[in-house]
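Let me begin by presenting the structure, written as structure tokens, before commenting on it.
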Amino acid sequence: MRTPFFRRGLLAAILTLGACQASLAQSVLMAQAATPAADTAPAANAVSGQFDKAINKDENWYFSWGYSRQQYAPSDIHVSQPELGNNFTVRQARASDFPSSVPDTFKSLLSLDFTDPQENIRIGKFLNDEKTFAVELNIDHSKYNVDYGQTVAVDGTVTTPGATSSMVVSPQNFNYALHNGLNHIMVNAVWLHRLRGPAHKAGDLQLISRVGAGILLPHADNVIFGNANQVGPKNENICCFKSNDWWQINGWTAGVEVGLRYRVYKAIYVELTNKIAYGRLSKVPVYKGTADQEIWMNEQVLSAGFLF
């Protein structure tokens, strides 16, 4: 049986323990109040700084869309049609681009039809902090049409009755066109040099130069001595290696380009350049045969772009 002393001692112990706990709790609270709270600002600033750094790097990429005109040097076009017994060359044929209107150009852009006028697309990435060197994908949707009415020399074997050593080009005897189009798809190295104005801000005027190479992806549309080449509708066999594909890889191209880039507002710029390109076409489909050709092209490109 527990004595009154035991009960009083137990009660005193409980009361003492409770007082100690209360005192300890109060000490902890006082210590917390006396110690400054951990400063969360540096951590927040670090996160904010990393975010700002990522945002400030968003001008490492750029995209532009433009409109262009092309001029072509006269060139020889060799045609081989084994089934017909034809193996001839049309000498120094002149050709032109397609004179689509500016409204047609913007209409095709808004409808996402990039195969009507002569559009130009550039997608690039800067590879240095100064943003003076970049690598880009270059797509030039140019067009090539042999001019009607010109007299050209023809040598080789032509089995068509009445064929002579020369002919006047017409839609019936030699309608040769890479009209949809003569597509240059290239990878370019790009250099920029600031000429005047604040760097990387509105008013920045830069000299831009490019050099690149790639493939030619034309759509051949032609009539040779009354026989039309047929590759089927555009929405069937679109690309790129079959003889009846709408677009086919038919050669390679290389070129240089020089011009000016001007930043008009924040990350928006306009660009005017001149490009000289060489193309080597082979196995361009014609009726029951193929055509080979070398092309020299001079091109002017006016484009607008933005950095991101």
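The values are calculated or read from the model by the stated rules, or taken from the named source; none is laboratory data. Values in this document were obtained by computation on a predicted structure and should not be read as measured data. With ideal geometry, Cβ positions are generated from the backbone for all residues, glycine too; neighbour counts draw on all protein chains shown. Each accessible area value is taken on the protein alone, full model and side chains, heavy atoms only, with ligands, DNA and RNA left out. Shrake-Rupley method; radii C 1.70, N 1.55, O 1.52, S 1.80 Å.
Would you tally the residues in region 280-298 being of a type outside the set (D, E, K, R) and touching a Gly at 6+ places or on another chain (Cβ under 6 Å)? Write out each step before concluding.
At the first step, the residues of region 280-298 found to be of a type outside the set (D, E, K, R) are 281-282, 284-287, 289-291, 293, 295-298.
Next, from what is left, pick out any that are touching a Gly at 6+ places or on another chain (Cβ under 6 Å): 281-282, 295.
Result for region 280-298: 3.
For Q230, indicate whether it is of a type in the set (S, T, N, Q) and more than 21 Å from H184 (Cα to Cα). Can you show your working first?
On the way: of a type in the set (S, T, N, Q): yes; more than 21 Å from H184 (Cα to Cα): yes.
For Q230, the condition - of a type in the set (S, T, N, Q) and more than 21 Å from H184 (Cα to Cα) - is met.
Among (1) of a type outside the set (K, R); (2) touching a residue at least 12 places away in the same chain (Cβ under 8 Å); (3) within 25 Å of I123 (Cβ to Cβ), where does A199 come up short?
It fails just one condition, (2).
Of all the residues that make up region 208-262, how many are open to solvent by 70 Å² or more (accessible area, probe 1.4 Å), under 20 Å from the mean Cα position of the chain (by Cα) and among the hydrophobic types (A, V, I, L, M, F, W, C)?
Initial filter on region 208-262 (open to solvent by 70 Å² or more (accessible area, probe 1.4 Å)): 221, 230, 234-236, 238, 241-243, 252, 256, 258, 260, 262.
If we keep only those that are under 20 Å from the mean Cα position of the chain (by Cα) as well, we get 238, 252, 256, 258, 260, 262.
This time we only want the ones that are among the hydrophobic types (A, V, I, L, M, F, W, C), so: 238, 252, 256, 258, 260.
Number of matching residues: 5.
With S108, S100, S48 as the choices, which residue is at negative phi, modelled with pLDDT under 95, of a type in the set (G, A, S) and touching a helix residue (DSSP H, G or I) at 6+ places or on another chain (Cβ under 9 Å)?
Values: S108 fails: touching a helix residue (DSSP H, G or I) at 6+ places or on another chain (Cβ under 9 Å); S48 fails: touching a helix residue (DSSP H, G or I) at 6+ places or on another chain (Cβ under 9 Å).
Exactly one of S108, S100, S48 is at negative phi, modelled with pLDDT under 95, of a type in the set (G, A, S) and touching a helix residue (DSSP H, G or I) at 6+ places or on another chain (Cβ under 9 Å), namely S100.
Scanning for something at pLDDT 95 or above and more than 23 Å from N274 (Cβ to Cβ), does region 139-148 turn up at least one residue?
yes
Looking only at region 146-162, filter to residues that are open to solvent by less than 50 Å² (accessible area, probe 1.4 Å) and in a loop (DSSP other than H, G, I, E, B); which one of those is nearest to S80 (Cα to Cα)?
Going through the qualifying residues, I end up with V158.
Select from region 246-261 the residues that are in a strand (DSSP E or B) and among the aromatic types (F, W, Y) and write down the one among them that is farthest from Q206 (Cα to Cα).
Checked region 246-261; the qualifying residue farthest from Q206 (Cα to Cα) is W247.
Inspect region 282-300 for any residue being β-branched (V, I, T), closer than 15 Å to N183 by Cα and exposed (fewer than 14 other Cβ atoms within 10 Å of the Cβ) and give the result as yes or no.
No, region 282-300 has no match at all.
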